[in-house]
1. Could you check segment 48-64 and list, in sequence order, the residues that are part of a strand (DSSP E or B) and not aliphatic (A, V, I, L, M)?
2. For segment 24-46: of the residues being outside any helix (DSSP H, G or I) and either open to solvent by less than 30 Å² (accessible area, probe 1.4 Å) or touching a residue at least 60 places away in the same chain (Cβ under 8 Å) (or both), which is farthest from Glu111 (Cα to Cα)?
3. Go through (1) at pLDDT 90 or above; (2) open to solvent by less than 20 Å² (accessible area, probe 1.4 Å) for Ala88 and report which single condition fails.
4. Since Met1 meets every condition but one in (1) surrounded by fewer than 17 Cβ atoms within 10 Å (Cβ to Cβ); (2) modelled with pLDDT of 90 or more, which condition does it not meet?
5. Using the structure shown, decide if Leu125 is hydrophobic (A, V, I, L, M, F, W, C), under 21 Å from Arg68 (Cα atoms) and open to solvent by less than 30 Å² (accessible area, probe 1.4 Å).
6. When you check Ala100 against the structure, is it without any contact (Cβ under 8 Å) to a residue 40 or more places away in the chain, over 26 Å from Arg36 (Cβ atoms) and open to solvent by less than 30 Å² (accessible area, probe 1.4 Å), yes or no?
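The values are calculated or read from the model by the stated rules, or taken from the named source; none is laboratory data. Just so it is clear, the model here is predicted, and its values are computed rather than measured. For neighbour counting, all protein chains shown are included, and Cβ atoms are generated from backbone atoms with ideal geometry for every residue, glycine included. What goes into the accessible areas is simple: the full protein's heavy atoms, side chains included, and nothing from ligands, DNA or RNA. Shrake-Rupley method; radii C 1.70, N 1.55, O 1.52, S 1.80 Å.
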Amino acid sequence: MGRRLRVSHVAVGKQLLALTPLLERTPQGWRAIDPRKCADRFLGEYPGARGLATYWTATSGISAQAQRAEEIAREQEAPIAFSGDIAADNYAPWRRPTRALGYVAAMPDLEPYGFAQVRAADATLELRIPQDPTILPMSRAVAPTGRMFADPLVTAWDLSRTRGGDVPDAVAQLTSRAIEEWLWS
């Protein structure tokens, strides 16, 4: 997995050491002993993707904005991996998306295509170049073809920072879905 995520052997070794009580070595490789505890630890300790962000809005609905931004980004060779509401709706539909969050390696220019750059509070679309180097490679591993989504736990973390009375339930649904994923074994 480290190679697929383009993470060094040293970085993987450091993480394995820190996670030893939650992991076990099997003949097939490392395996999570208790995926729920791993997920809870991640959600409690992950510092977030951080990085440079731009904020956008357009007159169309959230799903249409995400689709259009994805098309524009692909044309500009800056593919988007969606997270937050849009990705959560893909993994475990629980709430109606109110904002799109996309991770990119390079910032696409959306202004010529009907998007307006706005303050964070007014945005319906956030694009971020993440400092976390695993987000985009993991997105490709989770969905090697078609629309890319951040892995379910990053999506749950991002979703937990949005507004709405249904956020805790949506995060719980997404976390339950995440622990069913292949990444635990």
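1. Restricting attention to segment 48-64, the residues satisfying the condition of being part of a strand (DSSP E or B) are 52-57.
Listed by number, the residues that qualify are Thr54, Tyr55, Trp56, Thr57.
2. The initial filter retains those residues of segment 24-46 that are outside any helix (DSSP H, G or I), namely 24-34, 46.
Still in the running and either open to solvent by less than 30 Å² (accessible area, probe 1.4 Å) or touching a residue at least 60 places away in the same chain (Cβ under 8 Å) (or both): 28-29, 31-32, 46.
Working: Gln28: 49, Gly29: 47, Arg31: 45, Ala32: 44, Tyr46: 32 Å.
Ranking the qualifying residues of segment 24-46, first place goes to Gln28.
3. (1)
4. If we test Met1 against (1) surrounded by fewer than 17 Cβ atoms within 10 Å (Cβ to Cβ); (2) modelled with pLDDT of 90 or more, just (2) comes out false.
5. On the way: hydrophobic (A, V, I, L, M, F, W, C): yes; under 21 Å from Arg68 (Cα atoms): yes; open to solvent by less than 30 Å² (accessible area, probe 1.4 Å): yes.
For Leu125, the condition - hydrophobic (A, V, I, L, M, F, W, C), under 21 Å from Arg68 (Cα atoms) and open to solvent by less than 30 Å² (accessible area, probe 1.4 Å) - is met.
6. Numbers: without any contact (Cβ under 8 Å) to a residue 40 or more places away in the chain: yes; over 26 Å from Arg36 (Cβ atoms): yes; open to solvent by less than 30 Å² (accessible area, probe 1.4 Å): yes.
Spelling it out, Ala100 is indeed without any contact (Cβ under 8 Å) to a residue 40 or more places away in the chain, over 26 Å from Arg36 (Cβ atoms) and open to solvent by less than 30 Å² (accessible area, probe 1.4 Å).
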